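Derivation of every value follows stated rules applied to the coordinates shown; laboratory data play no part. What you see is a predicted model; the values in this text were computed from it and never measured. Note that we place each Cβ from the backbone using ideal geometry, even for glycine, and neighbour counts take in every protein chain shown.
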Amino acid sequence: MALAPQQARIARLQEKFSQLSNNQKLGIMFGMALAIALSVGAWLWLTQPPEYRVLYSNLSDRDGGPVIASLQQMNIPYKMSEGGGAILVPANQVYELRLRLAGQGLPKGSVVGYELMDSQKLGTSQFGEQNNYQRALEGELTRTIQAISSIESARVHLAFPKQSVFVREQQKPSASVLVTMHAGRVLDGAQVSGIQHLISSSVADLPIKNVTIVDQGGTLLSGPPDGALQSGLNPTQLEYLRLLEQSLAKRIEDILSPIVGSENVRARVTADVDFSQSEQTAETFRPNPPDEAAIRSQQSTETSGNAGQAAAGVPGALSNQPPGAASAPVTAPAGVPASSPVGGGGGGTHKESTINYEVDKTVKVVRQAVGGVKRLTAAVVVNYRKVTAKDGKVTVKPLTPQEMTQINNLVKEAMGFNPQRGDSVNVMNASFSAAEEPSVPLWKDPEMIALAKELGRNLLIVLIVLLLFFKVFLPPLREIFSPPPPPPSPEVAEGESEEELSEAHHAKLAQNTYEENLRIAKELAKNEPRIVASVVKEWLGGS
């Protein structure tokens, strides 16, 4: 008997549903389908699997195996990306897992360093030891280069030539580096030079010029650019030239901005810089004046002759012959001394004196400064002056010749004009063209149009859902799930006719006020449409 009220309720719902119109039935079915779809979508959204993110990427087989084994041991769900290039784990556990794996020493990294030398075996040949040392050194350099923030990975190759006992046949080692950059990152000249010096300082007898650096695209980073190859300039010289030109142009604009305005002057400077290196050595000798002569060394020798002195003269057969017979002396001419016999023992004095003077010598070494400016060329454009009339109209007019002369002099002083060097300056007064873009109205702005379309589409969807809910789906539900009509009053017998029932209602309604009667009439019309219909028929029939 407990099922009777439930069956009565189901029967009443079926009866009310059959009394609905076709549109109301369609609305109820559409609402129920929409509710089911929303429920299913919410259930799928709540029960969807967690989002996975990359834990490690580009792992080698040697590192991937231990990492996966550790994840399985910790009961952490994981996925492998297509191709096995990355290991994916739940997004909310990425950083925690990295720390836990790092505590276990994972991943160890495919690059080996000096730890390779720890596993040396007894009896390893010299070639094997040298090979292991080279591999360890390459690994350590790779780890050091990968520590740079812009580099994702690196590969270092070292080439050690065979040693020779002959000095002329000895060759220097060389190194080649392949770097893979992070997305959107590049290495500037200073970083490339730093890597070159790093490798050169880590390998014995490795010159910097023997270090070659290439990026993942095959671009040579360690060499000068194409323009520098043709002009013979290295990147440092090109950077110095660029900074010099920009500095001079900024000096010209800064000195003219307070006069004509910062937006009314443009300056460009071209510098011809001499980067050649030259060294000149001169050695000059000058004669010393007598009063300024400086004695370096002096030596004097004096020799005196006497009877006991050894024979002198020209040695030979004639000097060894006995003296001839005595003869009368020959009278020599006046003023001519008589000759002494050969080998005579006449006395005399011999003096020698040697004086060495300092030589006047000048050694001059001249080294020309690198980066000297050979010539400067400046081009300056000054905008017309804006003049505002009394009526507020703005006009432009050129500068006067006197003002142009003053500006020209200021430009020369600012740039360090030197006519002997061949510098040139060209100052031009012209009207700048307005480069402002026309303002676009909001209703023509593409971004605003796209935003309005998006908002309109969302509002339309919301309005359609609300309209279907309140106009189609809600009224039938209210009518179906409305409370049942109140049972008839006990005063009325079951066998009373409709006429007697209506008379009882009329008597009861007469006792209430107008507002209460109106409310009761509305409820009666809503709950008992048959009674209301019979009353209306009676009124029409009685009239």
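A few remarks follow.
- Amide hydrogen neighbours beyond the local backbone of ARG385, cut-off 5 Å, H modeled: LYS397, LEU399
- Of the peptides 276-282, 374-380, the ranking by mean beta-carbon count within 10 Å, highest at the top, reads 374-380, 276-282.
- When peptides 421-430, 70-79, 349-358 are sorted by average Cβ neighbour count within 10 Å, with the highest value leading, the order is 421-430, 70-79, 349-358.
- If the chain linking ASP188 and GLU96 were pulled fully straight, counting 0.36 nm for each residue of separation and taking away their Cα-Cα distance, it would gain 29.6 nm.
- Point-to-point label distance, LYS522-ALA369, nm (Cα→Cβ direction, 7 Å offset): 10.2 nm
- For VAL273, nonlocal amide neighbours, meaning residues 5 or more places apart or on other chains whose placed amide H falls under 5 Å from its own, are LYS374.
- Set of segment 272-287 residues, backbone N closer than 19 Å to the point 7 Å along the Cα-Cβ line of TYR357: 284-287
- Take the Kirkwood radius over Cα pairs of segment 245-284, plug it into Stokes-Einstein at 25 °C and 0.890 mPa s, and you get 189 µm²/s for translational diffusion.
- When you filter the GluC sites (Glu not before Pro) in segment 116-206 for DSSP loop state and at most 14 other Cβ atoms inside 10 Å of their Cβ, you are left with GLU169.
- By definition, a body whose alpha carbon gyration tensor gives a ≥ b ≥ c is oblate when a/c is 1.5 or more and a/b is not larger than b/c, and segment 85-236 fits this oblate description.
- Here's how it looks for ASP423: its modeled amide H is under 5 Å from those of LEU376, ASN418, which are all 5 or more places away or on a different chain.
- FRET efficiency, 1/(1 + (r/R0)^6) with R0 51 Å, evaluated for LEU455 and ILE531 via beta carbons: 0.45
- Maximal additional length on extending the ARG9-SER257 stretch stands at 80.1 nm, based on 0.36 nm per residue less the C-alpha distance.
- If a spin label sat at a point 7 angstrom from the Cα of TYR384 along the line to its beta carbon, no backbone N atom of segment 258-275 would be nearer than 11 Å.
- Sorting the segments 188-196, 155-163 by their residues' average number of neighbouring beta-carbon atoms within 10 angstrom, most packed first, yields 188-196, 155-163.
- Dividing the radius of gyration of the alpha carbons in segment 14-106 by their Kirkwood radius gives 1.44 for Rg/Rh.
- Residues GLU239 and LEU468, FRET efficiency given R0 of 51 Å [Cβ-Cβ distance, rounded to 0.05]: 0.15
- One decimal place: the segment ASN264-SER39 gains 74.3 nm when fully extended, by the rule 0.36 nm per residue minus the C-alpha distance.
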